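Asker: Encoded as structure tokens, here's the structure I'll be asking about.
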Amino acid sequence: MKTKIIKLIIYFLCGLIVIIAAITGANETNNSTGGSSSGAQLVEVANYEYGTVGGDKYREWYTGDADGQPWCATFISWCAQQCGLIEQDIIPKFQGCNWGVSWFQEKGLFRYTPHYGGEAYTPKTGDIVFYSGSHIKSDSSHVGIVQYVEGDYVITIEGNTSNSVLSRSYLLTNPYILGYATPEYPAAVSGELSGSTNSEIAWNYFISMGCNEYATAGILGNLRQESQINPTSEQSGGPGRGIAQWEVGSDRYNALLTWAAGRGEEWTSMEIQLEFLWHELNGGETTCFLLLNRNYGGISGFKNAESIEWAVEAFEKSFERAGSPMMENRIQYANEYYELYQQPTTLEVGAYKSSY
């Protein structure tokens, strides 16, 4: 009897430690001032506001009063605050467009378009685009956030456009575009690369990047279906290569090669492919970024997946987009990895799971 009581006390204490650790971890994860804020996250926050009519929500945050002032810059400031970018001095809290241009200019982070004497530049996700309705270089009258570039067009998300938060499309050569601010977003946090097998390395990597166990299992289930999580995998008779089966000759495969070369590594490196996959998932691959935001709550929604099945679908439909996905296999594999690598519950303290 005494032994059972002691065991119950141990289980209780272990459970308490797990709960405290979870709360601490959640607080750290939700801390908006963390170093992982990015242009993609800024766009994601802005897209959550899509369709909002009227700017009083943002005006009241800015001044404490629905003061009736134009709110395009106020909207961007609000989004930046949600990402911790104002506190990090990456994007200013501003209400006037000309003041915003000056702030970025002083930091050497503003590029005028060729129409206003600047050099040709292809804007990137998270750049801040300033406009001039008068077509005068010293007069900026509106501002938005760059989502992505598609062909000759830049796609934006803007506040106070038709008194709403909406997406707009402009020719890159449109003289309405005054120029682009290029905030110095923090470098991406490196993930943990530990484990004795490729699946264990991948599991630890995505967990360290903030994915919960359902989301991580969803990714691994997909990668096993694609390649057995083998970075040197070559599709039999087809163009697929690597853990995610990037197709030889495609823009994504070429971007992987460039990514690897820029780091002085071979593209077949497991580390390189995990980093590149995470880069694509966080806005580096336009279609994935759009689908994830439109259908699955963006990267934040995916990282906090509420079920394995949902995570498998979100990753496959957004990232892999396979012609013949064989979803039952992906879900089965994801569940296997979840059972293999999930952290033990209170009643499983001390349990051991061998590597797959």
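A short reminder: the numbers here are calculations on the coordinates, not readings from a lab. Please read all numbers here as calculations on a predicted model, not as lab measurements. Neighbour counts run over all protein chains shown; Cβ positions are idealised from the backbone, glycine included.
Asker: When a footprinting reagent is the concern and you count Cβ atoms within 10 Å, what order do His142, His115, His135 take, fewest first? Show your work: numbers first, answer last.
Answerer: On the way: His142 21, His115 16, His135 13.
Going from least to most buried by this count: His135, His115, His142.
Asker: Around Trp278, with a cut-off of 13 angstrom between Cβ atoms, what is the net charge of the other residues, counting Lys and Arg +1 and Asp and Glu -1?
Answerer: Working: positive: Lys303; negative: Glu192, Glu271, Glu275, Glu280, Glu285.
With Lys, Arg at +1 and Asp, Glu at -1, the net is -4.
Asker: If you take the beta carbon distance between Glu192 and Tyr153 as r and set R0 to 45 Å, what does 1/(1 + (r/R0)^6) give as a FRET efficiency, to the nearest 0.05? Write out the running numbers ahead of the final one.
Answerer: Working: r = 39 Å, r/R0 = 0.86.
The formula returns an efficiency of 0.70 here.
Asker: Let me ask something else. Treat each spin label as a single point 7 Å out from the Cα along the C-beta direction, and report the Ser236 to Asn174 distance in nm.
Answerer: Distance between the two pseudo-spin positions: 5.0 nm.
Asker: Still on this model: Over the chain, what relative contact order in percent results from Cα pairs under 8 Å that are six or more residues apart? Mind showing how you got there, number by number?
Answerer: On the way: 577 pairs, mean separation 53.5, N = 356.
Averaging sequence separation for qualifying contacts and normalising by length gives 15 percent for the chain.
Asker: Filter Lys57/Lys303; Lys137/Lys317; Lys124/Lys303; Lys57/Lys317 down to the pairs with a C-alpha to C-alpha distance above 32 Å, please. Please list the in-between numbers first.
Answerer: Numbers: Lys57/Lys303 27 Å; Lys137/Lys317 44 Å; Lys124/Lys303 23 Å; Lys57/Lys317 34 Å.
Too far apart for the 32 Å limit: Lys137/Lys317; Lys57/Lys317.
Asker: Hey, with R₀ at 22 Å, roughly what FRET efficiency would Gln69 and Thr122 work out to, going by the Cβ-Cβ distance, to 0.05?
Answerer: On the way: r = 32 Å, r/R0 = 1.47.
Efficiency computed from Cβ-Cβ geometry: 0.10.
Asker: If each residue of separation counts as 0.36 nm, what is the full-extension length gain between Thr287 and Val248 once their alpha-carbon separation is subtracted? Don't jump to the answer; show the numbers that get you there.
Answerer: On the way: separation 39, 0.36 × 39 = 14.04 nm, distance 1.80 nm.
Gain on extension, Thr287 to Val248, equals 12.2 nm.
Asker: With a 10 Å cut-off between alpha carbons and a GNM built on the chain, which of Gly195, Gly240, Gly117 moves the most?
Answerer: Gly117
Asker: Treat the count of other C-beta atoms within 10 Å as a stand-in for reagent exposure and order Val129, Val312, Val248 from fewest to most.
Answerer: Working: Val129 22, Val312 31, Val248 13.
Going from sparsest to densest Cβ surroundings: Val248, Val129, Val312.
Asker: Find out how many positive minus negative residues lie around Asn254, taking Lys and Arg as positive, Asp and Glu as negative, among other residues whose Cβ is under 14 Å from that of Asn254. Let's see the in-between values first.
Answerer: Numbers: positive: Arg241, Arg252; negative: Glu247, Asp251, Glu280, Glu285.
Around Asn254, the charge tally is -2.
Asker: For a quick check, take a GNM of the chain with Cα springs below 10 Å and name the residue from Arg263, Arg224, Arg111 with the largest mean-square fluctuation.
Answerer: Arg263
Asker: Shifting gears a bit: Calculated from DSSP H runs of 4 or more alone, at -39500 (n - 2.57) each and per residue, what is the 222 nm mean residue ellipticity of the chain, nearest 500? List each step's numbers first, then the result.
Answerer: On the way: 13 runs with 155 residues, N = 356.
-13500 deg cm²/dmol, from helical runs alone.
Asker: In addition: Between exposed GluC sites (Glu not before Pro) in the chain, where DSSP calls loop and at most 16 other Cβ atoms lie within 10 Å, what's the longest gap? Could you put the intermediate results ahead of the total?
Answerer: On the way: sites that count: Glu87, Glu119, Glu184, Glu192, Glu265, Glu266, Glu306.
In the chain, the maximal stretch lacking such sites is 1-86.
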